[in-house]
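The next block holds one structure in the form of structure tokens; read it before the comments.
The values are calculated or read from the model by the stated rules, or taken from the named source; none is laboratory data. Computed from a prediction, not measured in an experiment: that's the story for all the values here. All Cβ positions, even for glycine, are placed from backbone atoms using ideal geometry, and neighbour counts span all protein chains on display. Just so you know, the surface numbers come from the protein's heavy atoms only, side chains and all, with ligands and any DNA or RNA stripped out. Shrake-Rupley method; radii C 1.70, N 1.55, O 1.52, S 1.80 Å.
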Amino acid sequence: MNNLHVFYRISDKGNPLGRTELGGTYLETVTRRKCFNNFLDAFGTENLHVICDNCNNDTIEFIKKKGVGDVDITALGNTRSFMYLIDRATSELKENDIVYSCEDDYLHTPDARQYIFEGIRLGDYVSLYDSMDKYLNADEGGNNPLIYEGGEDTKVLLGETIHFKKSNATTCTFASLVATLREDYPIIAKYNQPHFPHPYDFAFFREIIDQIGRVLVNPLPGKAMHVGLEPSPFVPWEDIVKNLKED
């Protein structure tokens with residue numbers, strides 16, 4: 001029985017190329033549709049719930065034509081659509097179900113799905129993204145204030161097929177058990193209030209790790225990357241991008 005449920009948020013608002021300028025790089029041709037097709041290649045449509053937030057009709061039809069059974073049309077914005085996802089997952093699913101919250105500007109390796117199952121046996125939260133900001137010193141321009149001497153304080157764990165490491169934070173693309181989301185709901189809501197311009201994911205993860213001892217892990221090497229931020233290292237992303245499909 002498959003107890004993995006994916007809630008995929010897609011929107012036509014904002015910069016279609018991500019948060020940074022991608023012109024002149026191998027990522028400049030990546031679109032949200034290509035990201036979604038790449039996601040489907042890795043995860044399929046079983047237990048897939050797509051939240052089309054502020055989407056045009058052609059985007060909604062594009063999603064439906066892919067065979068997605070649950071297409072939820074909303075107009076909430078980034079922060080409120082994330083909390084809408086959390087509310088749906090915690091109210092509709094069973095405690096031992098796994099939820100993967102996925103944003104629309106990520107690419108995955110073809111085998112990404114299996115590492116959610118491996119990682120959830122090692123930690124409370126799983127990110128498939130081994131972000132480069134974990135290797136850029138804060139005093140040398142890095143975005144993560146906890147990075148020094150080229151890395152983060154961590155512990156390497158042995159999964160079933162690869163290593164995982166404990167990490168200090170990630171984005172809103174992560175996996176967790178429904179039971180964990182229910183327990184952590186007050187803290188999730190604290191950092192995702194309706195008037196916030198975006199989810200404060202870093203602050204959320206710092207509190208649940210520091211205050212209640214949650215464990216966040218990611219595989220080494222990573223199995224996903226954020227388009228617009230640095231890619232997970234040691235993965236042939238250029239080859240993956242060359243084979244992306246638009247339709």
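Could you check the range 205-215 and list, in sequence order, the residues that are open to solvent by 10 Å² or more (accessible area, probe 1.4 Å) and either in contact with a helix residue (DSSP H, G or I) (Cβ under 7 Å, 6 or more places away or on another chain) or of a type in the set (A, V, I, L, M, F, W, C) (or both)? If the condition is that a residue be open to solvent by 10 Å² or more (accessible area, probe 1.4 Å) and either in contact with a helix residue (DSSP H, G or I) (Cβ under 7 Å, 6 or more places away or on another chain) or of a type in the set (A, V, I, L, M, F, W, C) (or both), then GLU207, ILE209, ILE212, ARG214, VAL215 are the ones that fit.
Within the range 91-115, residues that are under 15 Å from ASN38 (Cα atoms) have Cβ atoms under 6 Å from residues that are among the hydrophobic types (A, V, I, L, M, F, W, C) and modelled with pLDDT under 95 in these pairs: ASP105/VAL227, counting only partners at least 6 apart in sequence or on another chain.
Quick grid of which residues meet (1) part of a strand (DSSP E or B); (2) under 17 Å from HIS198 (Cβ atoms); (3) out of contact with any Phe, Trp or Tyr (no Cβ under 7 Å at 6 or more places or on another chain):
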position	(1), (2), (3)
GLY14	no, yes, yes
HIS49	yes, no, no
PHE62	no, no, yes
ASP72	yes, no, yes
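Residues that are open to solvent by less than 10 Å² (accessible area, probe 1.4 Å), under 14 Å from ASP111 (Cβ atoms) and either assigned to a loop (DSSP other than H, G, I, E, B) or of a type outside the set (A, V, I, L, M, F, W, C) (or both) within the range 216-230 comprise PRO219, GLY222, listed in sequence order.
Considered as a group, the residues in the range 20-32 that are in contact with an Asp or Glu (Cβ under 8 Å, 6 or more places away or on another chain) and modelled with pLDDT under 90 include one that is nearest to PRO236 (Cα to Cα), and that residue is TYR26. If you go through the range 131-152 and keep only what is surrounded by 13 or more Cβ atoms within 10 Å (Cβ to Cβ) and in a helix (DSSP H, G or I), you end up with MET132, ASP133, LYS134, ALA138.
Across the range 85-110, which residue is surrounded by the most Cβ atoms within 10 Å (Cβ to Cβ) among those that are hydrophobic (A, V, I, L, M, F, W, C) and assigned to a helix (DSSP H, G or I)? Show your work before the answer.
Here is the first cut: in the range 85-110, the residues hydrophobic (A, V, I, L, M, F, W, C) are 85-86, 89, 93, 98-99, 102, 107.
Narrowing further to those that are assigned to a helix (DSSP H, G or I): 85-86, 89.
Details: LEU85: 24, ILE86: 22, ALA89: 21.
Once the filter is applied, the top-ranked residue is LEU85.
Is it fair to say PHE196 is assigned to a loop (DSSP other than H, G, I, E, B) and hydrophobic (A, V, I, L, M, F, W, C)? Yes; evaluated as a whole, the condition is true for this residue. For THR154, the criteria (1) at pLDDT 95 or above; (2) polar (S, T, N, Q); (3) under 20 Å from the mean Cα position of the chain (by Cα) hold in every case but one, which is (3).
If you check ARG113, ARG182, ARG121, which single one turns out to be touching a Phe, Trp or Tyr at 6+ places or on another chain (Cβ under 6 Å) and open to solvent by 30 Å² or more (accessible area, probe 1.4 Å)? From the options ARG113, ARG182, ARG121, the qualifying one is ARG113.
Rundown of residues vs (1) closer than 29 Å to THR31 by Cα; (2) part of a loop (DSSP other than H, G, I, E, B); (3) basic (Lys, Arg), yes/no style:
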{"position": "THR154", "(1), (2), (3)": "no, yes, no"}
{"position": "LYS165", "(1), (2), (3)": "no, no, yes"}
{"position": "CYS172", "(1), (2), (3)": "yes, yes, no"}
{"position": "SER176", "(1), (2), (3)": "yes, no, no"}
{"position": "ASP184", "(1), (2), (3)": "no, no, no"}
{"position": "GLN211", "(1), (2), (3)": "no, no, no"}
{"position": "SER232", "(1), (2), (3)": "yes, yes, no"}
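Among the candidates LYS66, LYS13, the residue that is over 30 Å from PHE234 (Cβ atoms) and at pLDDT below 95 is uniquely LYS13.
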